[in-house]
Amino acid sequence: MSRYKLLSFDLDGTLVHTAPEIVQACNEALVACGYGELPDAQIEHLIGNGTYELMRKALERVVAPTSESTLDFLLQDIMPVFNTIYGEVSGTRGQPYPGVLDALEEFKRQSIPMVVVTNKEHFFAIKVLKNTGLLNYFDGVVGGDSLSKKKPDALPLNHCMTHFDVQACDTAHIGDSSIDVQTARAAQVCAIAVSFGYNGGEPVATSKPDLLINHFDELRGHVLNRPSLISH
């Protein structure tokens, strides 16, 4: 039997290694708008708050120190370029992490409701999930622009729990970053973190999740109370 009646998953760095395509879109947009490229690792460390915030932080690194209002003005020019490029490449280079498909398949067989709660914009989240073959496993997708607030606010998880009529004690959120742990804490659900992923280049263990896993086989073992599934 499952420990939970609802499983919520982050997307980037948790279900799918999307950094290569995000890096590509970011650097192509910067170059197209007359700026220099950023190192791949630096862009990867910016992932987690949606594409608008990612490009804002990228611009801060390629232009001379400037005001917030000037950054807003520059973003008006670069975001349409980024959105066009990322719309073409999202889901084309990203790959599900090892064990993701097996875990989702088994959770689906066990009829456990599953949702994606991400700060990535809903349109891009759907595209990544569809192009990587994951979309049909989920009963809902909440993007960073789906509600009035996004992670680390509790609203996205509370929204999902209300929709599925599930209590916090029966819910787990799985993510790769301190933002995900904070979100789980805010909603009072179980905070499960994956040791891979992004988290700004910092170990997610420092955020003190309730459970830290190194592989999705470990998640299967935990959720389904089957210790034999846990990798050692």
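The values are calculated or read from the model by the stated rules, or taken from the named source; none is laboratory data. Fair warning: this is a prediction, and the values are worked out from it, not measured in the lab. Counting neighbours? That spans all protein chains shown, and the Cβs are built from the backbone with ideal geometry, glycine included.
One table, with the values for the structure above:
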{"quantity": "Residue within the range 198-209 that is touching a strand residue (DSSP E or B) at 6+ places or on another chain (Cβ under 8 Å), modelled with pLDDT under 95 and not assigned by TED's automatic domain parsing to the domain that holds H45 present", "calculated": "yes"}
{"quantity": "Selection status of L212, under 14 Å from the mean Cα position of the chain (by Cα) and either assigned to a helix (DSSP H, G or I) or over 18 Å from T51 (Cα atoms) (or both)", "calculated": "no"}
{"quantity": "Qualifying position, being farther than 20 Å from V100 by Cβ, surrounded by fewer than 19 Cβ atoms within 10 Å (Cβ to Cβ) and of a type outside the set (A, V, I, L, M, F, W, C), among R226, R185", "calculated": "R185"}
{"quantity": "Answer residue from the range 1-18, given it is among the hydrophobic types (A, V, I, L, M, F, W, C) and in contact with a strand residue (DSSP E or B) (Cβ under 8 Å, 6 or more places away or on another chain) and is farthest from V166 (Cα to Cα) among those", "calculated": "V16"}
{"quantity": "Criterion: over 17 Å from the mean Cα position of the chain (by Cα), hydroxyl-bearing (S, T, Y) and farther than 30 Å from R220 by Cβ - qualifying residue of S2, S67", "calculated": "S67"}
{"quantity": "Which numbered condition D180 misses (of (1) part of a helix (DSSP H, G or I); (2) at pLDDT 95 or above; (3) surrounded by fewer than 20 Cβ atoms within 10 Å (Cβ to Cβ))", "calculated": "(3)"}
{"quantity": "Pick from the range 149-168, criterion out of contact with any Leu (no Cβ under 7 Å at 6 or more places or on another chain) and in a loop (DSSP other than H, G, I, E, B), ranking: surrounded by the most Cβ atoms within 10 Å (Cβ to Cβ)", "calculated": "K151"}
{"quantity": "Filter pass, D102 being assigned by TED's automatic domain parsing to the domain that holds L157 and among the acidic types (D, E)", "calculated": "yes"}
{"quantity": "Residue list for the range 70-119, restricted to those being of a type in the set (V, I, T) and not in a helix (DSSP H, G or I)", "calculated": "T92, I112, V115, V116, V117, T118"}
{"quantity": "Failed condition for H17, given (1) modelled with pLDDT of 95 or more; (2) crowded, with 23+ Cβ neighbours inside 10 Å; (3) within 15 Å of the chain's Cα centre (by Cα); (4) not polar (S, T, N, Q)", "calculated": "(2)"}
{"quantity": "T70 being polar (S, T, N, Q), under 20 Å from D180 (Cα atoms), outside the structural domain of P152 (by TED's automatic domain parsing) and out of contact with any strand residue (DSSP E or B) (no Cβ under 7 Å at 6 or more places or on another chain)", "calculated": "no"}
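Conditions tested, residue by residue: (1) surrounded by 14 or more Cβ atoms within 10 Å (Cβ to Cβ); (2) at pLDDT 95 or above.
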{"position": "I43", "(1), (2)": "yes, yes"}
{"position": "L46", "(1), (2)": "yes, no"}
{"position": "T51", "(1), (2)": "yes, no"}
{"position": "A64", "(1), (2)": "no, no"}
{"position": "E68", "(1), (2)": "no, no"}
{"position": "F73", "(1), (2)": "no, no"}
{"position": "A103", "(1), (2)": "yes, yes"}
{"position": "V115", "(1), (2)": "yes, yes"}
{"position": "E121", "(1), (2)": "yes, no"}
